[in-house]
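The values are calculated or read from the model by the stated rules, or taken from the named source; none is laboratory data. Here the structure is a predicted model, which means the values were calculated and not measured. Backbone-built Cβ (ideal geometry, glycine too); neighbour counts: all protein chains shown. Quick note on the areas: whole protein, heavy atoms, side chains included, nothing else; ligands and nucleic acids left out. Shrake-Rupley method; radii C 1.70, N 1.55, O 1.52, S 1.80 Å.
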Amino acid sequence: MKLKALTAMAALLVAPAAFAGGADDDTLVINGEIEMTTKADAPEHMEGTGIDQVISGWHFRADETQQIQMDDFENQGMIFVDQAINTWNTAEGSAGQSCADCHNDPESMAGVTATYPKWNEDAGEVRTVQMQVNDCRVNRMGAEPWPYDAAPAINMEALIASQSRGMPVDVAIDGPAAETWEQGKDIYYTRYGQLELACASCHEENYGNYIRADHLSQGQINGFPTYRLKNAKLNGAHSRFKGCVRDTRAETFATGSPEFVALELYVKSRGNGLSVEGPSVRN
């Protein structure tokens, strides 16, 4: 009886009666010079989903929130990017090396975020940006790995993402990455928890509607890491996944888990063609 009641509650939360009118038609240009593609034709693999256009979450935020992202002086996420620049130039570990010793300036990371997660042939696995950074820390610097989505890790991911702003997301989902992508797709459409909700329940079937006071987006992650006004810090995609699964009243996967790596690959691929925005600003 209790499960049925909760399921009914979930249905009410995403009911069409809460329709909000969808995305706006504003244009995102950062610092008056970096033009962003925030709407694009849906990738071919999304045929049959009912979505023919992919839309950045920026379009589902209030004007005041949108404006913060348009200026790096207003975007609080850039504070953490500055912190990561200091880390980039700091030697750590037994090798006494810094990121800069191998990669020179952070600008050398241009294009990285646009293609991650991606298959790593040597490791025989799909890796996220944070996984690759930790590989460098352990095997090149002789330093301790950062816990997944911990402050230094997410700050560094934001620095790397900021070098690709305006570039189109283009993650590969074929070849050796295909199996992980299929796993992520399965997770995306699986209903979890007492509320029996899947990622698709909100972000495919009901984007543009309201759930409580939140204007549902397509759940695109081209803007991650994102600075959330709600908790006044940078947030990683895996932490956002964890929060969503938890909100279904389910036991959730861990940040950095194979399940969330697979889900990140799948969700990122749904935004192929959108610009990298990280660090973005959201509620």
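Tally time: how many residues in the range 214-254 are more than 30 Å from Ile30 (Cα to Cα) and either of a type outside the set (D, E, K, R) or under 16 Å from the mean Cα position of the chain (by Cα) (or both)?
6
Any chance the range 140-147 includes a residue that's open to solvent by 40 Å² or more (accessible area, probe 1.4 Å), in contact with a Gly (Cβ under 6 Å, 6 or more places away or on another chain), touching a residue at least 40 places away in the same chain (Cβ under 8 Å) and under 20 Å from Asn120 (Cα atoms)?
no
For Tyr266, indicate whether it is open to solvent by less than 40 Å² (accessible area, probe 1.4 Å), hydroxyl-bearing (Ser, Thr, Tyr) and more than 28 Å from Asn89 (Cβ to Cβ).
yes
Scan the range 33-40 and tell me whether some residue there is open to solvent by 40 Å² or more (accessible area, probe 1.4 Å), touching a residue at least 24 places away in the same chain (Cβ under 8 Å) and in contact with a Pro (Cβ under 9 Å, 6 or more places away or on another chain).
yes
Go through (1) of a type in the set (A, V, I, L, M); (2) open to solvent by less than 40 Å² (accessible area, probe 1.4 Å); (3) part of a loop (DSSP other than H, G, I, E, B) and name the single condition Ala177 misses.
The number of the failed condition is (3).
Taking Gln194, is it among the polar types (S, T, N, Q) and touching a residue at least 40 places away in the same chain (Cβ under 8 Å)?
yes
Out of all the residues in the range 74-87, which are buried (at least 20 other Cβ atoms within 10 Å of the Cβ) and either farther than 15 Å from Phe224 by Cα or free of Cβ contacts under 8 Å to residues at least 24 places away in the same chain (or both)?
Hit for the range 74-87 is Ala84, nothing else.
Of all residues in the range 56-73, count the ones that are exposed (fewer than 15 other Cβ atoms within 10 Å of the Cβ) and farther than 16 Å from Ser162 by Cβ.
4
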